[in-house]
Amino acid sequence: MTPKLNIAALTRRTGVPPDTIRKWEQRYGVLQPERTSGGQRRYTELDVARVEWLKARLDEGFRIGEAAALLGDTTLALGDAQGLPAAIVDAARRSDVAALGTAVEQALFLPSLEKAFEEVFSPALVEIGELWRAGELTVAQEHLASGTIRSALQRLLADHRGNVRGVAVLACAPGELHEIGLLMVALQLRADGWQVAYLGADTPVTEALALATQLGASALLFSVTREEPGKTLAAQLSAADVPARLTILVGGSCGGGGTPTDAVRSLRKAAA
């Protein structure tokens with residue numbers, strides 16, 4: 001890819017000021033432009049994509065150091081999700097840890113987390129689950145794929161921030177062990193301005209409610225994907241003393257379905 005853009009052109013294309021671009025280069029090493037004989041920077045279309053990707057992550061609420069660490073030195077996917085679900089499934093079939101990690105990271109380089117979740121991770125995980133049920137993938141291979149995706153999402157969630165919209169507590173229903181969908185919701189809520197307290201798998205309702213009360217949370221979200229945990233959740237919620245100011249939402253394949261984006265919209269509407 002032949003460098004042809006100077007820093008002024010890169011600024012016009014991305015809206016990021018030259019001083020900021022230079023700072024990102026020097027402090028985080030996210031761009032490595034070539035130099036002319038006179039010492040002028042020259043950038044490629046890949047550099048444009050990297051700057052636009054970083055800018056999008058900042059708009060979602062990430063810090064520049066966190067976004068730069070995620071971007072690393074991997075080749076950017078340039079906003080194209082096509083082929084990534086199949087790459088994840090194929091890597092799981094071959095038990096190829098390196099290829100699986102690369103495909104997951106490539107998905108996180110897409111223009112938005114919503115695109116990564118809805119166009120890559122969700123369809124890939126659905127197909128992997130179907131292949132496991134058909135006996136074409138082992139339990140270990142299914143766990144390898146889901147564990148790789150879960151680890152990547154947990155890494156993104158590790159940076160705690162202040163809140164703009166309020167505090168949301170997220171938990172899986174008692175007995176529910178599948179948490180990737182809930183992690184996707186957590187990340188989109190955080191990008192939407194919520195402070196997220198993530199409790200993860202198999203959380204008793206009473207303990208989730210106690211923490212939500214302690215934190216002054218305005219929302220408590222439960223995820224449930226199987227019928228039995230769904231029944232347990234319903235029974236515990238019906239017996240619980242829920243504060244009037246606390247909005248409770250239940251999602252997942254046994255809790256109303258929908259995408260992570262749907263959950264964010266529902267909570268925003270409920271909190272309005």
Residue-count net charge about A134 - beta-carbon cut-off 14 Å; Lys, Arg +1, Asp, Glu -1
-2
What FRET efficiency, computed as 1/(1 + (r/R0)^6) with R0 = 35 Å and r the Cβ-Cβ distance, is obtained for T138 and D202, rounded to the nearest 0.05?
0.90
Consider just the alpha-carbon atoms of region 84-157 and return their Rg together with their Dmax, both in angstrom.
11.3, 35
Express as a percent, rounded to the nearest 5, the fraction of DSSP beta bridges in the chain (both residues included) that run antiparallel.
20
Rounded tilt (10° steps) of 84-93 against the dominant C-alpha axis of the chain
70
What aspartates and glutamates could a cross-link reach from K231, if we take a straight Cα to Cα line under 19 Å and drop same-chain neighbours fewer than 8 places away?
E176, E179, D202, E207, D241
So what's the net charge close to R150: Lys and Arg +1, Asp and Glu -1, counting the other residues with Cβ under 13 Å from its Cβ?
-1
Using the basic label-point model (7 angstrom from Cα toward the beta carbon), what is the Y28 to R93 distance in nanometres?
3.6
Based on the alpha carbon coordinates of region 8-49, what radius of gyration and maximum Cα-Cα distance (Dmax) apply, in Å?
9.9, 27
Angle in degrees between helix 97-108 and the longest Cα principal axis of the chain, rounded to the nearest 10:
80
Could you pull out every one of the lysines with an alpha carbon less than 24 Å from that of K115, ignoring same-chain neighbours closer than 8 positions?
K55, K269
DSSP loop GluC sites (Glu not before Pro) in region 97-152 with at most 12 other Cβ atoms within 10 Å of their Cβ, which ones?
E136
Calculated from the structure, volume of the Cα convex hull per residue in Å³ equals which of (1) 144; (2) 131; (3) 118?
(2)
Could you pull out the longest piece of the chain with no exposed loop trypsin sites (Lys or Arg not before Pro) in it, calling a site exposed if DSSP puts it outside H, G, I, E, B and it has at most 11 other Cβ atoms within 10 Å?
95-244
For V169, which sequence-distant residues (separation of 5 or more, or a different chain) have an amide H within less than 5 Å of its own amide H, given hydrogens modelled in the peptide plane?
A197, A219, L220, L221
Give me a comma-separated list of calculated 3J(HN,Hα) values for region 14-28, in order, Karplus coefficients 6.51, -1.76, 1.60 applied at θ = phi - 60°, integers in Hz, x for any Gly or Pro.
10, x, 9, x, x, 4, 5, 4, 4, 5, 4, 4, 6, 8, 10
Restricting the count to DSSP beta bridges whose residues both fall in region 119-220, what percent are antiparallel, rounded to a multiple of 5?
0
Any chance you could give the angle, 0 to 90 degrees and rounded to 10, that helix 180-191 forms with the longest Cα principal axis of the chain?
60
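Coordinate-derived values only; no laboratory data. As the structure is a computational prediction, the values presented were derived from the model and not from experiment. Note: ideal-geometry Cβ built from the backbone for every residue, glycine included; neighbour counts use all protein chains shown.
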